[in-house]
Amino acid sequence: MIIDCHGHYTTAPEPHQLFREAQVEAFDKGEVLPGLPRISDDQIRESVEKNQLRLLRERGADMTLFSPRASTMAHHVGSEAVSQQWTGACNDLIKRVVDLYPDYFIGVCQLPQSPGVPIEHSIAELERCINDLGFVGCNLNPDPSGGHWTSAPLTDRSWYPFYEKLVELDVPAMVHVSGSCNHNFHATGAHYINADTTAFMQLLAGDLFTDFPDLRIIIPHGGGAVPYHWGRYRGLADMLKKPLLAEHMMKNVFFDTCVYHQPGIDLLFRVIDIDNILFGSEMVGAVRGIDPETGHYFDDTKRYVDALNLSEEDHYKVYEGNARRIYPRLDAILKERGK
Ligand SMILES: [Zn+2]
């Protein structure tokens, strides 16, 4: 099987986004928008079949771990109540996609984070999505302020109640920021990659996995700048008197393959152990065009991974085995289906 661990519903039907706009407008007037967006199954089918499902089939993958559009999580917009309502609507919509196409999509949830609000307030929605909706993971925003980094580092004890719940539920978190309201940082070109790199360095500087040996964190977009600067991080671990990275973090930290050119994928696989790499494309997402140098979509990452000519064992790990190990609930669902 070929499992894409990183897909977003970036093509959600228009009423979903209109609901969001109305919700924010209502908040600005001091009101609360009642209800939820009305979206038909046909609207969902059309939005998925023309986009994610078509590309999945064309590119030869089997399924996607599917989460709400990351850039519009926008935890910095409105209040905690706004974030809770919006997150519920986004996760419910993912559940409808999964119900319509259970063979192709499995849910990963957004969290109702808000700047300055304790992470405990996101636990109920995590539990609802995992226990009631059958999702297998979550996207955890290390910077709900949207580019101003007002939260404590991920190793701070204020995050611990959430990690305890992740371990209890046996689900991983993908570290994933949302839109940027800091004009210095382009959302997908700078803010995302900054956050990936920042999260890795926070984890390196701390000792989180001593306290949570079973916690699993996925750093998307190929780990940001980390693989390219692997020598720097090995050197910093040495300077900070930390164990070797393999011991200190790499039993708990994983990177995906959302890197949009062959030399980047080559480097990722040369530097990072195969057990720490998950296939992902983030389609339809950050970069949607066709590379004029290759004639193929930039985000057709399967093409780059296939070009590595991996051994059968490594091929299995990257495309299926690692995902089943890191997302045990995904593994359980697949086993139930005889896969
Ligand atoms: Zn993403």
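Could you please rank Ile123, Ile290, Ile218, Ile326, placing first whichever residue has the fewest other Cβ atoms within 10 Å of its Cβ? Provide the component values of the computation, followed by the final result.
Working: Ile123 18, Ile290 12, Ile218 28, Ile326 22.
Exposure proxy ranking, most exposed first: Ile290, Ile123, Ile326, Ile218.
Compute a Gaussian network model of the chain, connecting alpha carbons closer than 10 Å, and tell me which residue from Lys317, Lys242, Lys29 fluctuates the most.
Lys29
Over the stretch 92-194, what is the relative contact order in whole percent, taking alpha-carbon pairs under 8 Å and six or more residues apart? Let's see the in-between values first.
Details: 131 pairs, mean separation 25.5, N = 103.
Taking the mean separation of contacting Cα pairs over the length of the stretch 92-194, I get 25 percent.
Collect residues whose amide H, placed 1.01 Å from N in the peptide plane, falls under 5 Å from the amide H of Ser67; neighbours closer than 5 in sequence don't count.
For Ser67, whose amide H was placed from the backbone, the distant partners under 5 Å are Gly7, His8, Tyr9, Val108.
Would you be so kind as to identify which of Leu56, Leu334, Val318 lies farthest towards the positive end of the dipole of the chain, taking Lys and Arg as +1 and Asp and Glu as -1 on Cβ and the Cα centre as origin?
Value: Val318.
Of the candidates Gly88, Gly78, Gly107, which one comes out as most mobile in a Gaussian network treatment of the chain with C-alpha springs shorter than 10 Å?
Of the options given, Gly78 has the highest mean-square fluctuation.
Per residue of the stretch 242-248, in order, report the coupling 6.51 cos²θ - 1.76 cosθ + 1.60 (Karplus, θ = phi - 60°) as ³J(HN,Hα) in whole Hz, putting x for Gly and Pro.
Listing the rounded values in order: 8, x, 4, 4, 4, 8, 6 Hz.
Distance from the Cα centre of the stretch 151-230 to that of the stretch 38-113, in angstrom?
Cα centroid of the stretch 151-230 versus Cα centroid of the stretch 38-113: 22 Å apart.
Using alpha-carbon pairs under 8 Å, 6+ residues apart, how would you state the relative contact order of the chain in percent?
Values: 574 pairs, mean separation 58.6, N = 339.
The value is 17 percent.
Counting only residues 5 or more places away or on other chains, whose amide H sits under 5 Å from the amide H of Phe105 once H atoms are built in the peptide plane?
Those qualifying (amide H under 5 Å, at least 5 residues apart or on another chain) are Thr64.
Select from Glu25, Glu49, Glu293 the residue whose mean-square fluctuation is largest in a Gaussian network model of the chain (Cα-Cα springs shorter than 10 Å).
Of Glu25, Glu49, Glu293, the Gaussian network model singles out Glu293 as fluctuating most.
Hey, got the dipole for the chain? About the Cα centre, +1 on K and R Cβ, -1 on D and E Cβ, debye to the nearest 20? Write out the running numbers ahead of the final one.
On the way: 31 positive and 47 negative charges, 46 e Å.
I would put it at about 220 debye.
What does the charge add up to near Leu208, with Lys and Arg as +1, Asp and Glu as -1, over the other residues with Cβ less than 14 Å from its Cβ?
Values: positive: Arg157, Arg216, Lys242, Lys251; negative: Asp156, Glu164, Asp207, Asp211, Asp214, Glu247.
Summing Lys/Arg as +1 and Asp/Glu as -1 gives -2.
Provide the per-residue ³J(HN,Hα) series for the stretch 306-319, in order, calculated from phi with Karplus coefficients 6.51, -1.76, 1.60 and θ = phi - 60°, each as a whole number of Hz, with x at glycine and proline positions.
Per residue, the Karplus-derived 3J(HN,Hα) values read 4, 5, 6, 6, 5, 5, 4, 5, 5, 4, 4, 4, 5, 8 Hz.
Work out the length of the dipole vector of the stretch 63-159 about its Cα centre, built from +1 on the beta-carbon of each Lys and Arg and -1 on the beta-carbon of each Asp and Glu, and round it to the nearest 20 debye.
On the way: 5 positive and 10 negative charges, 32 e Å.
The calculation lands at about 160 debye.
In a shell of Cβ-Cβ distance under 9 Å around Tyr297, excluding Tyr297 itself, what net charge do Lys and Arg (+1) and Asp and Glu (-1) give?
Values: positive: Arg59, Arg288, Arg303; negative: Asp291, Asp299, Asp300.
With Lys, Arg at +1 and Asp, Glu at -1, the neighbours total 0.
Please report, in cubic angstrom per residue, the volume enclosed by the convex hull of the alpha-carbon atoms of the stretch 151-285. Numbers along the way, then the final one.
Values: hull volume 16.7 nm³, N = 135.
Once divided by residue count, the hull of the stretch 151-285 is 124 Å³.
Using Cα positions and a limit of under 18 Å, work out the lysines in reach of Lys242, with same-chain residues fewer than 8 apart set aside.
Leaving aside lysines fewer than 8 places away in the same chain, those within reach of Lys242 are Lys251.
Contact order normalised by length for the stretch 1-95, with contacts defined as Cα pairs under 8 Å and 6 or more residues apart; what percent is it?
On the way: 84 pairs, mean separation 43.0, N = 95.
Relative contact order for the stretch 1-95 comes out at 45 percent.
For the chain, what does the convex hull of the Cα positions come to per residue, in cubic angstrom?
Working: hull volume 45.2 nm³, N = 339.
Spread over its residues, the Cα hull of the chain gives 133 Å³ apiece.
Can you list the HN-Hα couplings for the stretch 169-178, worked out from phi with the Karplus curve (6.51, -1.76, 1.60; θ = phi - 60°), rounded to whole Hz and with x for Gly and Pro?
7, 6, 10, x, 10, 8, 6, 8, 6, 10
Give the cross-link partners of Lys339 among the lysines, using a straight C-alpha distance below 19 Å as the criterion and excluding same-chain residues fewer than 8 apart.
Partners found: Lys317.
Please state the equivalent ellipsoid semi-axes for the stretch 231-339: what are the square roots of 5 times the Cα gyration tensor eigenvalues, largest first, in whole Å?
Working: eigenvalues 129, 98, 31 Å².
Output for the stretch 231-339: semi-axes of 25, 22, 13 Å.
Using only the alpha-carbon atoms, what does the stretch 1-52 span along each of its principal axes? Please give whole angstrom values in decreasing order.
49, 24, 14
What residues have an amide H closer than 5 Å to that of Gly137, excluding those fewer than 5 places away on the same chain, when H is modeled at 1.01 Å from N in the peptide plane?
Distant-sequence amide H within range of Gly137: Cys109.
Just so you know, all these numbers are worked out from the coordinates, no wet-lab data involved. Source: prediction; values computed, not measured. In this analysis, Cβ positions are derived from the backbone assuming ideal geometry, glycine residues included, and neighbour counts consider all displayed protein chains.
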